[in-house]
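J.: Encoded as structure tokens, here's the structure I'll be asking about.
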Amino acid sequence: MRIDILTLFPDTVGDMMNESILGRAQERGYIRIETHQIRDYTTNKQNQVDDYPYGGGRGAVMQADPLYNCWCHACDEAGGPVHTVYLTPCGHVFTQADAKRLSKLDNIILVCGHYEGIDQRFIDECVDEEISIGDFVLTGGEIPAMAVADSVCRLVPGVLSDSECFEDESHWAGTLEYPQYSRPAVWHGREVPPILLSGDHAKVARWRRKQSLLRTRARRPDMYEKLVFETKEDKKILKEMAEDDERRAAPAMDRGE
Ligand SMILES: C[S@@+](CC[C@H](N)C(=O)[O-])C[C@H]1O[C@@H](n2cnc3c(N)ncnc32)[C@H](O)[C@@H]1O
């Protein structure tokens, strides 16, 4: 998988993408992330990439030509079919399902806007997909591009040591992850749930599943509603959760308090 990022801040983006897990994955050849300075593709003396918006209004718009020249260069370097994504608050909101879909592609180009955004004609001519990272507005597309590149790359086989690393995580199978704990067993008087110290893998797995369902139900009812419970174990856990709810709802006297 190769990702080319078109940006006005290639050093910042490059530094971030070359660190830690993604840096090591690049060294080992599982992924390749290249950044391109859009300003290098201008044809004016000032290397200006933006101009005033037609129709008036505040701010500046990134012109189509430098973006197009930069994009053509990145396409040539990719050397195969590319999928071009423009990061924009006007795009569809990015999810783990998008990350999974994009992780199967060979070449992705991520285009970072700045100022008021980019000339629509570049989008119409070169962009396959517009992605937003949420319903808020940032000053530039660099953080969104890094977020998308990071979440896509970690799903590429070989980047993480084991696919279980992400298959067990939030949003992979429609749930949120269970709470995690590490040493020491007691911290500031707070104990790790004893079952995690039991060494009984089946019981730990069951506890984690229940915590994951409880957390999803409490924090993301929209996700919880869509879950389908088919296994015997899940049905047992659901029964237990319903019994816990009933117990909590019962008046104190009924509970013998
Ligand atoms: C200030 S924003 C432009 C916002 C644009 N005028 C609008 O109202 O939709 C500048 C650049 O930041 C990036 N950006 C800002 N918020 C974003 C978001 N939520 N998701 C993805 N990209 C975003 C885009 O690349 C955009 O071109």
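The values are calculated or read from the model by the stated rules, or taken from the named source; none is laboratory data. Just so we're clear, the structure is a prediction, and the values are computed from it rather than from any experiment. Cβ placement follows ideal geometry from the backbone for every residue including glycine, while neighbour counts extend to all protein chains displayed. Side chains are part of the model used for accessible areas, which takes the heavy atoms of the whole protein and leaves out ligands, DNA and RNA. Shrake-Rupley method; radii C 1.70, N 1.55, O 1.52, S 1.80 Å.
J.: Ordering TYR181, TYR224, TYR68, TYR86 by accessible area with a probe of 1.4 Å, largest first, what comes out?
T.: TYR181, TYR68, TYR224, TYR86
J.: Also, quick follow-up: Go ahead and run the numbers for FRET between ASN69 and GLU191, Cβ-Cβ distance against an R0 of 51 Å, rounding to 0.05.
T.: 0.25
J.: Now a separate question. Specify the residue with the greatest mean-square fluctuation among SER170, SER182, SER212, computed from a Gaussian network of the chain linking alpha-carbon atoms under 10 Å apart.
T.: Fluctuation is largest for SER182.
J.: Let me ask another. Within the chain, what whole-number % of the accessible surface is contributed by carbon and sulfur, with the 1.4 Å probe and all protein chains included in the calculation?
T.: 50 percent
J.: I would also like to ask the following. Put GLU225, GLU167, GLU177 in order of accessible area, largest first, 1.4 Å probe: what do you get?
T.: Ranked from most to least accessible, the order is GLU225, GLU167, GLU177.
J.: Over the chain, what is the relative contact order in whole percent, taking alpha-carbon pairs under 8 Å and six or more residues apart?
T.: 18 percent
J.: With a cap of 10 neighbouring Cβ atoms within 10 Å, and only residues DSSP puts in a loop, list the trypsin sites (Lys or Arg not before Pro) found in segment 1-102.
T.: Working: sites: ARG2, ARG24, ARG28, ARG32, ARG39, LYS45, ARG58, LYS100, ARG101; in loops: ARG28, LYS45, ARG58.
The qualifying sites are ARG28, LYS45, ARG58.
J.: Could you work out which residue, out of HIS201, HIS114, HIS92, moves most in a Gaussian network model of the chain, that is, has the largest mean-square fluctuation with Cα springs under 10 Å?
T.: Looking only at HIS201, HIS114, HIS92, the biggest GNM fluctuation is shown by HIS201.
J.: Hey, got the dipole for the chain? About the Cα centre, +1 on K and R Cβ, -1 on D and E Cβ, debye to the nearest 20? Walk me through the numbers before you get to the answer.
T.: On the way: 31 positive and 44 negative charges, 253 e Å.
Charge dipole of the chain: 1220 debye, to the nearest 20.
J.: First check a/c for segment 132-176, with a ≥ b ≥ c the square roots of the eigenvalues of its C-alpha gyration tensor; if it is under 1.5, answer rounded, and if not, answer prolate when a/b is larger than b/c or oblate otherwise.
T.: It comes out oblate by the Cα gyration axes.
J.: Starting from the Cα gyration tensor of segment 2-153, take the square roots of the eigenvalues, sort them a ≥ b ≥ c, and report rounded, prolate or oblate (rounded when a/c is under 1.5, otherwise prolate if a/b is larger than b/c, else oblate). Walk me through the numbers before you get to the answer.
T.: Numbers: a/c = 1.74, a/b = 1.42, b/c = 1.22.
It is prolate, given that a/c is not under 1.5 and a/b is the larger ratio.
J.: Something else: Mind checking the per residue accessible area of the chain for me, 1.4 Å probe, whole number of Å²?
T.: On the way: 15700 Å² over 257 residues.
In whole numbers, the chain has 61 Å² accessible per residue.
J.: What length, rounded to one decimal in nm, is gained on full extension from ALA97 through to ASN18, with 0.36 nm per residue of separation minus their alpha-carbon distance?
T.: Length difference between fully extended and current span is 26.0 nm.
J.: Further, regarding this structure: Just to be sure I understand: with springs between alpha-carbon atoms less than 10 Å apart, which residue in ALA25, ALA173, ALA185 has the highest mean-square fluctuation in the Gaussian network model of the chain?
T.: Sorting by GNM fluctuation, first place goes to ALA185.
J.: How far apart, in nm, are the 7 Å Cα→Cβ label points at HIS201 and PHE229?
T.: 2.6 nm
J.: Here is a follow-up. Write down Rg/Rh for segment 186-249, rounded to two decimals, with Rg from the C-alpha atoms and Rh from the Kirkwood relation over Cα pairs.
T.: 1.02
J.: Also: Taking every alpha carbon pair in the chain, what does the distance histogram look like in 10 angstrom bins from 0, in percent?
T.: So the P(r) values, bin by bin, are 6, 23, 26, 19, 14, 9, 3, 1, 0.
J.: Please compute the modelled spin-label separation between ARG39 and ASP245, points set 7 Å along Cα→Cβ, answer in nm with one decimal.
T.: Going by the 7 Å Cα→Cβ label model, 5.7 nm.
J.: Name the chymotrypsin sites (Phe, Trp or Tyr not before Pro) in segment 113-171 that are in a loop by DSSP and that have at most 15 other C-beta atoms within 10 Å, would you?
T.: PHE136
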